[in-house]
Amino acid sequence: MSHEYVLKPFTPEIRLNIDYPRELNEQQLAAVTAPPGPALVIAGAGSGKTRTLTYRVAYLLEQGIPADRILLLTFTNKAAGEMMHRVADLLGHELRSLWGGTFHSIGARILRLHADVLGYQKDFTILDRDDAKDLIKASLLDAKIDTKDKQFPKADVLNEIFSLAANTHQTIAELVEGKFSYFADFAELIADQHQRYLARKRATNGMDFDDLLALWLRLLQEHPDIREHYQRRFQFILVDEYQDTNKLQGDLIDLLAARHHNLTVVGDDAQSIYAWRGANFANILDFPQRYPGAHVFKIETNYRSTPEILAVANAAIAANVNQFAKELAPARKSGVKPALVQCQDAGQQAAFIAQRALELREEGVSLNQICVLYRSHFHALELQLELTRRQIPFSITSGLRFFEQAHIKDATAYLKFVANPKDEVSFKRLVLLLPGIGAKGAEKIYQGFTAKMTEGGLKMDLPSAAKLATALQTCTKFVPKKAAVPWTQFVATIAQLEDASTRQSAAKMLRLVMDAGYDDYLKETYDNYARRLEEIQQLAEFAFQFGSVEEFLTQLALLTNVEAEADPTDDTEKIKLSTIHQAKGLEFDIVFVIMLCDGMFPSGRSSESAEGEEEERRLFYVSITRAKNELYLCFPMVRGGFGASGMDTYQSPSRFLAEIPEALVNKWNLR
């Protein structure tokens, strides 16, 4: 079957009469009106990237390029929708023939037309993450692998391994050795499970999200007629957020553009912050080498931030060696210098932010325009407590709230149960973590436990040495054989937790939970094991400041309840709390960046390599460039009650702060 596409002559069918020099600044205009050929557009933060892309599409249409010969690739449905909406606004009507959308949506569209040549039917099912996990579970059952018995990775972790392998073009063995080394003993079994999963997908005529790209690439590589058809068809290709593309996406783009070389990629190397999920920084950095003669355009006029904030941003990124050097230039009038805020400890840092937010509110700044950014979830623990105490409304835009995450609830369930043996919810949560125990089994064990605790008049609310462990031991008869060994470990852990020397300290209890095997459970269960482990370790250190386990649990409950009451339709003003990764692409009048201490930002692990430190510096740059009017860079000198002994830990200011000239900031010393 021939896929030859007969080219129409270029005729200027669309006359928009756009005054490009008036609508665009000089740098944007140069990129929009670039001649055919490869082009790299380095669009700095707040410089009008989306505007440049949409006007480029309009310009191509005015030059007579048929809309169905243009391919516009984005990363998110939201970005795709916004881009297509803006194009429609410029044209005065929708342009349905333009190929625009996310990588995955375009991949699905093409595979619907050609899936049969890959051995699939064209009505294939697209599997979401839960569907994929269910198929992997079925493959594990076929292979008679019990993930709980063998400490083998669970379906979620296997799914992540398989996904990263597809997107980074690594073998399963390479990926396990590099990122999941704690599963090295199972490398061959994991590779076998991968093959079983692939076979099962094919047998059920299903494709997961990674297949929409991987099979699209394979289609082009293995079928020259189809490859030539799409290479001829897509005469102009435009890619948004190019710095976030992975190896698979980069190869797809290069293959599609191999005939005409009319490829325009837009992005900002200084905002490449997703290496941890497979983004390949080399795609944007090496573009001029892969496309000799490519035009490189820099759009450096920033419409978002004040000159003072941009001066700090330029200084913050300057130390990176691997980058396209640029200098953000302000379009706005002068404002106040960013503040470098030195605090005594995390508590004072939290109090300062809360107080300053109230002052700004009195000055007329909406709380919705105030954002606190941090490197990791646990950096905002003290702040959440402070805002809750002061009844200052806040929302968390970094996914699940810290205390609602499964691993945090698991770890604190141990403390809740020991503190209150009547806590049925916590008891069952812990029992359900054990292999072979379901809801009915957990209920049976709980009933046996409560009967034993009340037997002979022993009251459940009166602590006694090893009382809980003794009662649990008598419940062994209700525990299935598969869970016998883990149950014995669980009973031993409870015995240690209720010992008087441990029971007095929430921090000691949390650390004992980790040492008693929950660490292994995290490895087997979660693809982001290292982050979850770090968060529980930090929660343990955070707990040192509380006088008793009950006080610690009370504060956690207050926080969780306040957050749980949040109504998504509520339009109440709220301060935004967010990880920097989640805030990329957003902007706020006022930004506080907190916990700027070495080992926290940059994180300890990332600063072990030059590449990791440069990505952390880019993350710092992203945090700075979210601010429009005021920026506060905050760091505590002491983390009160932290460290293995519960003693105060002195911290060094982030090395990134030393790279900012003193003249660019106002120093606030709150000590």
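The values are calculated or read from the model by the stated rules, or taken from the named source; none is laboratory data. Note that the structure is a prediction, hence the values are computed from the model and not measured. We place every Cβ from the backbone using ideal geometry, glycine too, and count neighbours over all the protein chains shown. Surface accessibility is based on the protein's heavy atoms, side chains included, excluding ligands, DNA and RNA. Shrake-Rupley method; radii C 1.70, N 1.55, O 1.52, S 1.80 Å.
What to note about this one:
- Screening the candidates ALA469, ALA465 for the property of being modelled with pLDDT under 85, of a type outside the set (Ser, Thr, Tyr) and in a loop (DSSP other than H, G, I, E, B) yields one hit, ALA465.
- From ALA350, ALA346, ALA319, ALA357, residue being within 22 Å of ARG655 (Cα to Cα), small (Gly, Ala, Ser), open to solvent by less than 10 Å² (accessible area, probe 1.4 Å) and touching a residue at least 60 places away in the same chain (Cβ under 8 Å): ALA346
Residue-by-condition table, conditions (1) under 27 Å from the mean Cα position of the chain (by Cα); (2) crowded, with 17+ Cβ neighbours inside 10 Å; (3) farther than 18 Å from TYR529 by Cβ:
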site: SER163; (1), (2), (3): yes, yes, no
site: THR168; (1), (2), (3): yes, yes, yes
site: ALA184; (1), (2), (3): yes, no, no
site: MET207; (1), (2), (3): yes, yes, yes
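- Pair list, Cβ under 7 Å, 6 or more apart: segment 488-514 residue under 11 Å from ALA469 (Cβ atoms), other residue open to solvent by 50 Å² or more (accessible area, probe 1.4 Å) and polar (S, T, N, Q): VAL491/GLN473
- Test: residue in segment 276-285 that is among the polar types (S, T, N, Q) and more than 30 Å from GLN221 (Cα to Cα): no
- Among residues that are surrounded by fewer than 19 Cβ atoms within 10 Å (Cβ to Cβ) and under 27 Å from the mean Cα position of the chain (by Cα), ASN368 is included.
- Of residues in segment 281-296 being in contact with a Leu (Cβ under 8 Å, 6 or more places away or on another chain) and open to solvent by less than 30 Å² (accessible area, probe 1.4 Å), the one farthest from ILE660 (Cα to Cα): TYR291
- Residues within segment 215-236 that are under 15 Å from VAL117 (Cβ atoms) and either assigned to a loop (DSSP other than H, G, I, E, B) or of a type in the set (A, V, I, L, M) (or both), tallied: 6
Listed here are the residues, each with its yes/no results for (1) among the small types (Gly, Ala, Ser); (2) within 28 Å of LEU141 (Cβ to Cβ); (3) in contact with a Phe, Trp or Tyr (Cβ under 9 Å, 6 or more places away or on another chain).
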| residue | (1), (2), (3) |
| --- | --- |
| VAL176 | no, yes, yes |
| LYS179 | no, yes, no |
| ARG200 | no, yes, no |
| ALA203 | yes, yes, no |
| ASP210 | no, yes, yes |
| GLN221 | no, no, no |
| PHE234 | no, no, yes |
| ILE237 | no, no, no |
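- Considered as a group, the residues in segment 542-573 that are modelled with pLDDT of 75 or more and in contact with a Leu (Cβ under 7 Å, 6 or more places away or on another chain) include one that is most open to solvent (accessible area, probe 1.4 Å), and that residue is GLU573.
- Subset of segment 420-442 that is farther than 18 Å from GLN489 by Cα, touching a residue at least 12 places away in the same chain (Cβ under 8 Å) and touching a helix residue (DSSP H, G or I) at 6+ places or on another chain (Cβ under 7 Å) - its residue that is most open to solvent (accessible area, probe 1.4 Å): GLU424
- Listing of helices (runs of 4 or more DSSP H) fully contained in segment 1-111 that carry 2 or more residues being open to solvent by 10 Å² or more (accessible area, probe 1.4 Å), more than 24 Å from ASP251 (Cα to Cα) and modelled with pLDDT under 95: 20-23, 49-62, 77-91
- Considering the conditions (1) of a type in the set (S, T, N, Q); (2) touching a strand residue (DSSP E or B) at 6+ places or on another chain (Cβ under 6 Å); (3) open to solvent by 30 Å² or more (accessible area, probe 1.4 Å); (4) without any contact (Cβ under 8 Å) to a residue 40 or more places away in the chain, THR125 is excluded by exactly one of them, (4).
- For segment 76-118, taking the residues that are more than 23 Å from the chain's Cα centre (by Cα) and charged (D, E, K, R), the one that is farthest from GLU222 (Cα to Cα) is identified as ASP89.
- Taken together, the criteria place GLY278 among residues that are at positive phi and either in contact (Cβ under 8 Å) with a residue 12 or more places away in the chain or surrounded by 18 or more Cβ atoms within 10 Å (Cβ to Cβ) (or both).
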